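Down below is the structure, laid out as structure tokens.
The values are calculated or read from the model by the stated rules, or taken from the named source; none is laboratory data. None of the values given here were measured: they were computed from a predicted structure. Because the Cβ atoms are built from the backbone with ideal geometry, glycine has one as well, and the counts that use them run over all protein chains shown. Heavy atoms of the whole protein, side chains included, go into the accessibility calculation; ligands, DNA and RNA do not. Shrake-Rupley method; radii C 1.70, N 1.55, O 1.52, S 1.80 Å.
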Amino acid sequence: GAGARSMSFYEYGPRYAATENWYDTDRKKLQAIGEICHAIGWAEDILLTGKPRPAPIAIMYARNGDLWDLLDAGMVYSNERRNFHHLLRSLHQRADFISDQYLPDAAGLDRFKVIVMAQRCIPETAADAILAWVERGGTLLASVSCGQLDGLARPSSKMLSAFGIKAVDVPHTTDRRAKPAEPKTIAALNIKTMGLVANVKPGEATKVVSFDDGPPAVLTRSNGKGKLVYFAFLPGHTFHVGARFENNMLLEMNEAVRSYVGQWIAPAGLPECAVDNPDVSARLITGKAGSVVVLVNCTAGDVLEKITVTVRGIDATAAESLEQGPLAISRENECIRFVCKLGLKDIVKLTMR
């Protein structure tokens, strides 16, 4: 029973626990399921009681706004949020998702240091809560026409005024036959945009960098103790689209976008668990019996002979890899580090003091 509940996080089923009168005969799939069961069982005492720490970054999703955007913007903004999440994972930063309809109270938002928004429609109550959070010291990242409309898709000036923007012109279409938006370049950052691009008329906002043809590409404005950052393009989409797809892996993401966005999420602090390779996913899970680091190789199956993993805020005395056994650890300030070889995946147990 406990094993099946654990398995449900990794595999739909699991297949062999189904009550239907059938079974899967795919040998490779059964082997993979067996390997996952073995890995979970090896660290089950920690995984069953463990959980990740609260994330310092939130991505807001629009429960009602997406209904309006489907009519004339397709899946642009929902895809942007997904792609931005991939971007954050490549920076080894964790993010939670919050709804614009059910924002926590003012104090509840304060656990987040950075909030990401990619949506045209923002209800008035959500806008008020977010702007109050910015005044208290939060950093808000927004992209392409964010906040042009209220919760009922009516023109709204609340968010644009807060961003210090006079007007935003963005073409929207759901016609698949329509010519895609022409990409723009930011030579200073070595970035070529993908997807929608906004023509922004700044007001009190400060222009940080411009497109090569003149209009602002990124603008900022202070608000109380916090800051608002407005991207006149889709950073998540630009990071994601154009990557090479191989063996069910996305490779060769836009490094220039990843590096640039990383500067703006600095208020979130250093990641609690990071690897010196952006194509390795690392997740720290802490339970009553200790902590584990789950590592996944996203480089299309290539074996990485050496990766360095840095974990912050964990006072561990020993590390043991599922695949390689005991690992040497070093300490520096509040960090521990270990070096290991990585195939497709690995789990590393950290023994606490």
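General observations
- When the stretch 103-117 is limited to residues that are in contact (Cβ under 8 Å) with a residue 40 or more places away in the chain and open to solvent by 40 Å² or more (accessible area, probe 1.4 Å), the one that is nearest to the chain's Cα centre (by Cα) turns out to be Lys113.
- Filter result (under 15 Å from Leu234 (Cβ atoms) and without any contact (Cβ under 8 Å) to a residue 60 or more places away in the chain) within the stretch 130-146: Ser145
- Residues of the stretch 279-300 satisfying the condition of being open to solvent by less than 50 Å² (accessible area, probe 1.4 Å) and not aliphatic (A, V, I, L, M): Ser281, Thr286, Gly287, Gly290, Ser291, Asn297, Cys298, Thr299
- The criterion of at least 2 residues that are modelled with pLDDT of 70 or more and surrounded by 13 or more Cβ atoms within 10 Å (Cβ to Cβ) is met, among helices (runs of 4 or more DSSP H) falling completely within the stretch 1-95, by 27-42, 44-47, 65-72, 76-90.
- Of all residues in the stretch 323-339, those that are without any contact (Cβ under 8 Å) to a residue 12 or more places away in the chain have Cβ atoms under 6 Å from Cβ atoms of residues that are surrounded by 15 or more Cβ atoms within 10 Å (Cβ to Cβ), 6 or more apart or on another chain, in Pro326/Glu320; Ser330/Arg337.
- Residue, surrounded by the most Cβ atoms within 10 Å (Cβ to Cβ), within the stretch 307-333, restricted to residues that are assigned to a loop (DSSP other than H, G, I, E, B) and more than 25 Å from the chain's Cα centre (by Cα): Leu322
Residue by residue, here is whether (1) outside any loop (DSSP other than H, G, I, E, B); (2) surrounded by fewer than 20 Cβ atoms within 10 Å (Cβ to Cβ) holds:
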{"residue": "Gln101", "(1), (2)": "no, yes"}
{"residue": "Gln119", "(1), (2)": "no, no"}
{"residue": "Ile130", "(1), (2)": "yes, no"}
{"residue": "Gly137", "(1), (2)": "no, yes"}
{"residue": "Gly147", "(1), (2)": "no, no"}
{"residue": "Ala153", "(1), (2)": "no, yes"}
{"residue": "Lys166", "(1), (2)": "yes, yes"}
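- Evaluated against (1) closer than 19 Å to Gly236 by Cα; (2) buried (at least 21 other Cβ atoms within 10 Å of the Cβ); (3) touching a Phe, Trp or Tyr at 6+ places or on another chain (Cβ under 8 Å), Thr185 falls short on exactly one condition, (2).
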